[in-house]
Every structure is written in C-alpha cells, then in structure tokens.
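See below for the structure under consideration.
The values are calculated or read from the model by the stated rules, or taken from the named source; none is laboratory data. Here the structure is a predicted model, which means the values were calculated and not measured. All Cβ positions, even for glycine, are placed from backbone atoms using ideal geometry, and neighbour counts span all protein chains on display.
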Amino acid sequence: MSFTGFRSYFCDEQRSHCQLWAINVCRLIEANVTSLIINSEEMSDIRHALLRRDPLSAAKEVLYHLDISLGSALQSSTGPTPGLEKSMVELVEEFIFHVPKDRNIQPKRMSCVQELQLLEIMCSYFQEQSKDAIRQIIFSALFSLQGNKADESRMAMLGKLVSMAIAVCRVPILECAAVWLQRTHSAWCVRLAQVLMDDYCTLVPCAISTLQNICSASPRFCCQLITAVTALYDFSSDELTPPPALLEMLVGWITEDPRLLLLTFINTPLNSSLPLGCLEITPLLGLLRWCVKAPLAYQRCRKPALTNGHGESEKGTASEELYSKLHLSVLQVFLMLQVHLTEQNLIGRLAVLPVESVATLVEEVSRLCEKLTPFPAANHIQLALDRLAQALQVAMATGALLCAREDLRALCSRLPHNNLLQLVMSGPVVQPPPHSGPFQPNMYPHIHPGRPSSLSPHSPHPVLSPHPALSPHRPLTAHTAHPSLSPHAFHPAAMAFPYRPIR
Amino acid sequence: MSAQGDCEFLVKRARELVPQDPYAAKAWLITARTLYPADFNIQYEMYSIERNAERTASAGRLLYDIFVNFPEQPVVWREIAVITAALRNDSQDKHAQFLKGVFETLPGPVQCKMLLKATEQCFNTLEKAEMLLLLLKRFPESVVQHGVSLGESLLEAETVENLDTPVNCFRKLFVCDVLPLILNNPNMCLPVSLLYKYMHKAAEFYICYVTREPSADAQIQGSQEVGGLKSPGRGRSQRYVIDGLSEKSSVVTEPWDRLLEMVGVVGSLCDWQGEKASRSYSELLQRVSELCRYMSATDSEGFSRCCAQIVTCCTLVLFHSAFHYVSAVQPSLFQGHTSLSSCPWVLLEDLSGVYTDVEVERKHTHKKRKLADGREKTMSSDDEDLLAKGRGRHIVVNKAEMPSWAETLEHFRTARESWDLLHSHQSLETEFAKICSLWKTEIWMWFRIFLTDMIIYQGQYRKALSSLGLMSSLQLQQNQNQNQNPLSGSSSLETQRAIIQQASCHYALGEYRMACEKLLEVVSGLMPQNHEAVKSSEEQRKPRSKTRRGNDLRLLPCTSKSILPFCLQLMLACFKLRAFTDNRDDLALGHVIVLLQYDWPQGENLFLKAVDKICQQGSFQYENFFNYVTNIDMLEEFAYLRTTEGGRVQLELLPNQGMLIKNPSPALGVELNTLLLPGAQKADRHHTVTRGITKGVKEDFRLAMERQVSRCGENLLTVLHRFCINEKIILVQSLP
C-alpha cells in the first residue's frame, strides 16, 4: 500500500529500475515483512547504481527507498516510531539535497526544471499517501534539521515545497509543515516564514489571497504560521514591521474564528516534550507584542515621514484599526482559553504565557518608550501601555499568565505612568461581594443540549484531524466563542494593593 | 479610591472610545469586567455597545449574563420589557427584528424566566395574556401550569369587559392561541365538563366570526370577490379588525376547518363513541345519527352519556350547514359577500303549476274541490301530520341562475336533518336549547332566515309567519343599532324578501286576501322589466313544472325580474279558485283573465275555461277589460263572443256601461269612472255619458276593440304592474 504511491511514478522508467522494483517486492514477500532494513552493503550497491543515473531519477529512487523502508518498518513495528538508518539519511542528503559525500565525487545537481519535477512528485506523494503516520515520518525524515551542512538545502527545498503546497492547496503537506513548525527551533521557523512571506506577501502582492484561503483548508498550519510570523516581524526595523497585507489577513482569520489561535495548544498533549527554543505554543504573546509595540513603532516610522503626504497616514489609520481589532481578539481568546483551562482543571497549573516572555516584552516596551520620550508621542505611549495593561490583566484573570501582582509591579516598574496599568498593578479594590457565595465562572448553557464543547479536550496523541469547529457542518454560534466571567475571586493574582492610580 | 470609582473610570473610558474605536472600547470593558466581575454597569455597557450595533449573538450572550447576574436591576427589566414588547407585536421593523433575534439566542430556561417576569409586570389583561402566550408557545411544559389559568383569565376578562360579541380580542386569543396549546398538550388532564365548555366557547367564536356582519369598508373590498359562495371562509377576513388586535392577528383562516379539527381533538379527549376524527361535517352528522339510533335503541343511561357528544356535533353541523345555506341565499349578510356579486334568494311556494291545474279540475272537479276545502281547513293550524307532508318536498331552482344549487340544497337538507336529530329526543332538545340561549342564537338574523325557510319547508306556515314576524323585528332592531348601515339602500328588496315569504305563507294557508295584500305591497316597490327577458327564463323551467306538481317549493332570485312574475302567478292562484266556483264572480274572472295574459299561452286552457264559463253565463261584466287586456288572442276571442256564432254573449266591458246598468246615477258613475280609469280614458267618459245607453254601445265596443288592438305592442309587464297598483283596493276587496 505504502509504495503504490511511488509505483506509478516509476512505471515508465528504464528496465534496471523495474528489476530493482521486482527485487524489492520479492524480498518483501519472502521476508514476510519483518526485517526490511536494508543493510549497509546493499545500500552502497544502491548508491553506486544511483550515482550513474541522472539526478532527478536518482532523487526519485531515493524517495522510493525511503517510502519502502519506513513504510514497511512502521507497519511491522508496534513500538515507537522506527528510527532512520544512517545509510538512508546519507542517501537522502546526497541524492535529494545534493550534499557531497566524498570530496572527489561531486553529485550531479538537478536543473531547475528537474527540481520542479521533484517537488511535484513530492507534492503528489504526500497528497496521495493515505496514512498520516507514514506521511509524517517521511516528511520529518526529509526535512528534520540534522545540524549538518545539508540543512541549508533542506530549508531551501522545504520552503519551495510548502510554498508550492500553499499555491496548489495540498493540505497533507501543510499539516506536516504545521508539525514541523512546532518541533523545529524558532530560528528555522522564522526562516520558513520569511520564505513564505517573500513568496506571498512581498514578491507578488496579490498572491496573499492564495494564502488567505489556506486558513479553511489547514487551520493548524495557519495557527503555526501566525506564531512564526509574529516571531519574524518584531518591529525591530522597518523591514521587520508586519506588512499591512499580512496584518489584514491575520485579522481576517482571527475574527473569522478566534479559536484558530488556540488550535495548536489544544491539540498538543500536556506531557509532550517540545524541543528547546521552539516557537511559543500559542501565537498569543506574539500577537500581543504586535499590538503593544505597533503604536510605538508606527510612531517611529512616521517621524521622518511626517510631511510625506496623506497616503501614509491613511494607511497608518487603517493599520491602527486592525491592531485595535487584533488586540480585542487576543483578549477574547484569553477568555476562551479560560473556559478551556477551567474545563481541563488546569487553572493555575499551566502557564500559557510564560512570565519570562512577558518580561521580555515589558522590557522591549520600556526601551521603546524611553526612545520616544523626547517626542510628543504621549498618546501612542499611553495606547501601548493601555493595551499592555489590558492584556496583562486579562491574561492573569483568565489564568493564562501566572503572575502575582507584586511580581507584576516589579516587572512594570520602569514603564511610564499609565492609569490603567496602575489599576492593574494594584488590583481591584476588595469589597464585600454583592452576592452571597463565591463567584463562579459562568458556564453558558447551550440552547441545543448535547452539543459537544467547541474546544476539544486534550487528546493523548497529536491528532491531525481537521479542526472540528471549522468544518462547515457545525453552526458557529457566538455563544461558545464568547467569554465567560473569570473565577476572579479565587485567582492568586487577585490580591489587594493599597496604592491607587492617579487620575 | 473606591471600587466604584474604578468602575466609573473604566466605563467612562470605554464610552469615550465607542465612536472612534469600538474595538478598543470593548477591550477596555473586557479588562474592566475581569477586574470587577460583579459590577453591573460594566456589563450593561458591554451589552449596550452590542445592542446599539445590533449584533444579535453577542448582545444575546451579554443579556444572558446580566439577566442571570443582576436580576434585580431595574434597567434590566426595562430592557426585557422592550424585548418582550417586540416579541408580541408583529412589527417588521429592523430594530424589533433584532430584539427578537436577541431573545432567540437566549437559552430556553432564561427565555422562560424572562417571559414570566415580564408577564408579572403587565397590568393590561390582553398584554399579559399575549406575554404568557409567548411563554406557552415556546415552552409546552409550561402549558400544564399556566394554560388553564390563562384561558380562564381571558374568559373572565371577556365577562368583566361586558363585550357584546364573542368575536372579541380575548376570545380570539383564547380560541385560536391558548386552546390549541391546552388541547394538544399530552400532559394536560382536563375534566370533560371543562372540555365541553371550551369547545362550546370555541364553536361560538368561530361561528360568530364566520357569520359576522360586513363592515363598512369591507363592502368595497368584497365587490372583487366573485364565487365566494363556494368557500365562504376564504378571503373573507380582509380588512377586518377585531377591537384590540392588529389587522394581522384579527385574521382567522379557515374557521370551519379549525373548528372541525378541534372537534376531533376534543372527541378523542372525551373518549367519544365511534369518534374517528371526522374529515367533514356531514361525516360528523352521519356518525352521531348512527350513534343516536343505536343508543336510543339500547339503554337510556348510555344515551345520556352520549347526549353531550350528540348535541355538540349536531349543533356544529347544523350551524355549519345553515350558514352555507344562508350565505348562498342571502350573501350580503356576511362579511366578504356583497349584494353586488350575488343577489339574495327567497324560498316560496312553487306556482308553476298554476296554469296546468285546469285539466285536473275538469276531470276531477269533485276531488279537487274536496282537496281545496281540506286544505283550507287543515292549513289554519299547524297539525302534527303536516310534518309528514313536509317530508320529501321538492325545491325547484333555476340551475343556470344558481350554479351552486346542488350544494346549497344539500346544505339545507343537512341542516334540517341536524335540527330534526336535535329535536328527536327530549334530553337532546334541552341541551341544544341551553347552547342556543348561551350563544343568544335568537338574535342571529342569519339563523332566523334559515329557521324560517326550514319551517316553510316543513309546511308549518302559521309558525313560519310568526318566524317572519320575528325576523322583521330583528331587522328593525339591527337597523336601529347601526344607523349608518351601508346596506340600507340595497336591503329594500331584502326586507321585501320577508314580505314575499309572508305572502307565500298566507297563500299556502288559504288566506288569499292577506296573501294579496302582502303581494301588492311588494309589487308597488318593483320595477317592471322587459317582458321578453323573463319569458326565456320561464321557458327553461317548463319541463320541470310538468313532471313535478303541487306541493313543491321554489328558490327564486330576489329581483324585480323574478319576483314580479311570481306575484302575478300568486295573484292568479288566489283568484283562480274564486273565479271558477259555481257562484258567479265576474270581477274575479276578469282579474284572472288579465293575469292570464302573463306568460301567454301557458294559461290558454285556463282562459278557454273562463270563456266557457262566460258562455254559460251568457253575459260578462268587467269594466277594466280594455284597460288591462292587450292580448290579441283574448281580444279576438271576446270579439267573437259578441257575434252570433260566438253565442251573442252580452259583454259589458266598457267602464260606463256597467256603471250605468248597475248604478243609474250618472253623477256617481262619473265619480267612480274617474277613480277607476286613468286619464287617457277621460274623453270617452264624456262621450259615453252623453250618448244613448244601448244604441251607441255596439259602436263604442268596436272602437275600443280597434284601439286595444293597437295597444298590443305595449310592455305587458308594465300594463300588469299598473294593474296591480291601480286596482290594489279592488283586488284586495274582491277576495274573502
């Protein structure tokens, strides 16, 4: 089953290949699908055979072998996912990513057309591979970074493959890419994001609509892509300011269904260990960074262009509105997150926003504010601080940020004065509650009983099923997307502080 | 700084931001709510933003929150009052639609609580009922708790308000909205007596709704509806408003069907015998009449158990059929029908046999006389055995003039059968009488019309006359109640309808003088039509009149065109008996001859009989002859009678001749002649008075004949109409 996909691509190949194919099939049958790992001797035979062929057919041959060996290994083993033979890795690196094995033998490079053909073959393979697990393993065998010199070409090929998958809407590849974005160091993720942004945002301006439509096809990929682009565009320079088209697209996605932002988080098992330095589990902090820094950064951009005419400022206003909308969505997602955390009994036990990341953000904001202080930008500073304060408050109240108000005060001590921030730092004035009994989160009863919760519970395995909430059969009512009140009174952050803000 | 100060600050900031940056405003409020989750103003501000932006789902969600968390806030109650008001009225206004949408997003229990609470705040019974109704419609489980009490409060309100018609807003809500909920709720367990009470309330409403009188503006509207006879329930609701309700909610579609459905439901709830949810009213009747036959044959106890069922079903069938009959016979009585689209009809004795009687009389003179005498005797009292005579009577209708004649007669028959069944047993009759007095059916004009026709059909003419008397007093009363009655102009013939029926009844009773008196009263209000048009319609019914004779009835259109001929025939019938008795009565014979001109030569045989009689007498005196006889055949016959071959009959047909012979005083003669003759004959009078008595007579007769021949082309109906009006006194006086 697993190799039928490739079979069709090889059927018109030369005879030698057919023989190879036949041999493999026979071996499969004889060995009763138990020990299929090709030994190094055979592997070197294969390599020699491959060296004689043209690069495209050699690459295809390697893919074929990869499929056979991993596919059958996965079928036979019931335990953990089988590892990749070192020899196989070498074949992949030599014949697909063209890293020379010997100094003396320089592998033949593929022409651009051949490379495109190879990409097409890969695209089709992943599309037609019906087993999620095999597809996933092959993808990671090809594109997991190995910390060697092949990584650069890996990235190059991956960028092209994902870009192509977006263009022709190959959902299985996008799903694999989503997993890749979750397991790979953020530096590489940012590079992939950069490639995609170049392809879809910068080089061809109207191509963004293609990307836009991907959201309904693979929301998981989009969720990860958002995290990646927020890591990419950090407002550190004009180049690293989010392009307006991108911003508009993201806001569109998020307002369409805010649950998108929680997709990766919800579908990731709690105990899964993610590699160090990978992307944040949600795009929330990244988006928050955008919203808080945007007023300051745009102010900075505008300084030299003050006399530049009308167009700029209008674009600025449009972006301002988008950021405002985005900020609101982020707050609303925090409220949704609270429902989820409450349902899973995770309140106070899981830091969705790591305090360190928040601290970094506060640090950045205070630095930006300092830079702007000589200029009359008080309004923009206040807007940024309002948003920061709101986000901190809502994140704490919803249990996304585990931080006591004392710590918050220490954290924010260097920020300029802001009324709301003061209020948030000091916390609400505690008064006898108007209702008897503690305040409970208000679970909104569904009008239609028996409807499953919109946020699926943590599953033991990362499930690649399409996001249930986005399937067209389920009506998207606002109830579930709607916030519920916080279990405020019980929250460790809800402590009184005598100091009150100045107004 | 207080918590309240914080909240005010937060809300104020949000409010400031709404116009320029609504997203930021919401972000502020979300933050504020996480800080002060128990503050009402923050949440109300959130709701206000969503409501003002008409975002249904989020507004609903927030309304839910504030409703649950702040149930005592007056602001919340004001909001709920606004929303529930939008639910009650059927406004298509965008904001009202939005508010309805908001309500729909709320979870059921909250909707339920909200409606109950809103109901408590209503002081107006109607509003309160409408509000509760919203609740009951949405939450069937609440019907058990509130259904009956709501129903009773509506019925009570009706009593308290002292409304004069069951077609009022309270009853409408009760019957059309509350009752179906109560009856169709499987968890309701109502006592049978209450079920009957509700059923009767509903029936009264539906019947009165269907039979409501036309309103002034409906008259104009209704003129476009032709063929409304077939389904009187359809399209008749236009532009009719029940006081207190909107035009839309005043509409009751297919009332009879609804009523039948309700009978089915109530029947199954009451465990009716043999009840299988009848699909039509006639089926309903058939079922109960079977039941009635079966029950009375067995035990009296079982019968009393079924009594209520029989009476209820039978009553409904009676009113259903009677309504359909009357709506065909007098459509202008009801909303949606007009006198323009169809004329009223009147049930009368069939007189098409008035000309053919002569042969029978010739052959069986004794028998006929005996019959006639017998009739005079028995008709004077409504004997029981006359009921038997009423059975199997035939009703003649001109099928071309009334296309739905078969249905109409069928409805008439069904209604009579239901009536008979209701009066077949003492206990049934008592029950039925109770319903009638409860519904005040005695003031239902339309039902009185049916009853009268039924009594006429039964041959109880004395009773029919008193029924007609009741009818005219009812009419008088109703006209007084609504002085601006739009029908007053067109109803002239309708009021005469009763008089014609009275005439017909008097005739059937043998009271010819009364009959004639009534007739002439009618004729004076009629306009003579062109004779030819009438003739064609008369010819159409000829074959029928030959096969069916005697005791038949006829449905006649209540128009001058049809009524004048009937009057003439009825007069002929009155005078015919008198004219052909053994005693000589030239005046009666003369009237007969005049009247026989109509529909000539139908009455040829009768005319020949009259001629025979004149010949036998050898003389004949009828001074009006030349005024009213223009028929050339008759003139010829009379001219012949004077000749030797004709038998030298002495004819005194000129006015003065008779006068001079009878009364030698010329002065008196002149006086009388002036009275009796129209102006055209004045010259002759002087002429004849100064002449010799016998000498010039022959010459005068010849001249009169000649002149009369020239009058042959005159409109006969005009001549006969003039005859009725001018000779009114003589005509009435010449009858006993």
Out of B:F98, B:F123, which single residue is at pLDDT below 85 and not charged (D, E, K, R)?
B:F123
Selection count, segment B:700-729, where residues are surrounded by 17 or more Cβ atoms within 10 Å (Cβ to Cβ), hydrophobic (A, V, I, L, M, F, W, C) and under 18 Å from B:L570 (Cα atoms):
6
Please determine whether any residue of segment A:199-213 is modelled with pLDDT of 90 or more, surrounded by 20 or more Cβ atoms within 10 Å (Cβ to Cβ) and of a type outside the set (D, E, K, R).
no
Confirm whether B:N583 is polar (S, T, N, Q) and either outside any helix (DSSP H, G or I) or closer than 19 Å to B:Q708 by Cα (or both).
yes
Residues within segment A:393-434 that are without any contact (Cβ under 8 Å) to a residue 40 or more places away in the chain and either in contact with a Lys or Arg (Cβ under 7 Å, 6 or more places away or on another chain) or small (G, A, S) (or both), tallied:
2
Select from segment B:51-66 the residues that are assigned to a helix (DSSP H, G or I) and surrounded by fewer than 21 Cβ atoms within 10 Å (Cβ to Cβ) and write down the one among them that is farthest from the other protein chains (Cβ to nearest Cβ).
B:N52
Among the residues of segment A:286-341, how many are at pLDDT below 85, touching a Pro at 6+ places or on another chain (Cβ under 8 Å) and either within 14 Å of chain B (Cβ to nearest Cβ) or surrounded by 22 or more Cβ atoms within 10 Å (Cβ to Cβ) (or both)?
2
Residues of segment B:76-97 being of a type in the set (S, T, N, Q) and under 42 Å from the mean Cα position of the chain (by Cα), which ones?
B:T84, B:N89, B:S91, B:Q92
For residues that are β-branched (V, I, T) and in contact (Cβ under 8 Å) with a residue 40 or more places away in the chain, scanning just segment B:558-594, find the one that is surrounded by the fewest Cβ atoms within 10 Å (Cβ to Cβ).
B:T559
Qualifying position, being under 14 Å from A:L328 (Cβ atoms) and more than 9 Å from chain A (Cβ to nearest Cβ), among B:A27, B:A14
B:A14
What number of residues within segment B:26-60 are more than 19 Å from B:L10 (Cα to Cα) and in contact with a Ser or Thr (Cβ under 7 Å, 6 or more places away or on another chain)?
3
Does B:K100 satisfy the criteria of being under 28 Å from B:S246 (Cα atoms), under 60 Å from the mean Cα position of the chain (by Cα), in a helix (DSSP H, G or I) and within 13 Å of another protein chain (Cβ to nearest Cβ)?
no
So B:L672, is it surrounded by 13 or more Cβ atoms within 10 Å (Cβ to Cβ), of a type in the set (A, V, I, L, M) and modelled with pLDDT of 75 or more:
no
Taking segment A:393-430 as the search range and keeping residues that are within 9 Å of chain B (Cβ to nearest Cβ) and out of contact with any Phe, Trp or Tyr (no Cβ under 9 Å at 6 or more places or on another chain), which one is surrounded by the fewest Cβ atoms within 10 Å (Cβ to Cβ)?
A:V430
Only one of (1) without any contact (Cβ under 8 Å) to a residue 12 or more places away in the chain; (2) of a type in the set (D, E); (3) away from chain A (no Cβ under 11 Å) fails for B:E72. Which number is that?
(3)
Could you tell me which numbered condition B:S91 fails, if it satisfies all but one of (1) of a type in the set (G, A, S); (2) under 17 Å from B:S246 (Cβ atoms); (3) in a helix (DSSP H, G or I)?
(3)
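Let's see how each residue does on (1) touching a helix residue (DSSP H, G or I) at 6+ places or on another chain (Cβ under 7 Å); (2) on the phi < 0 side of the Ramachandran plot:
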residue	(1), (2)
A:I138	yes, yes
A:G147	no, no
A:E152	no, yes
A:S163	yes, yes
A:P172	yes, yes
A:E175	yes, yes
A:V190	yes, yes
A:C201	yes, yes
A:I214	yes, yes
Exception for B:G5 within (1) at the interface with chain A (Cβ under 10 Å from one of its Cβ atoms); (2) crowded, with 20+ Cβ neighbours inside 10 Å falls at (2)
Unmet criterion (only one of (1) crowded, with 19+ Cβ neighbours inside 10 Å; (2) without any contact (Cβ under 8 Å) to a residue 40 or more places away in the chain; (3) away from every other protein chain (no Cβ under 14 Å)) for B:L87
(2)
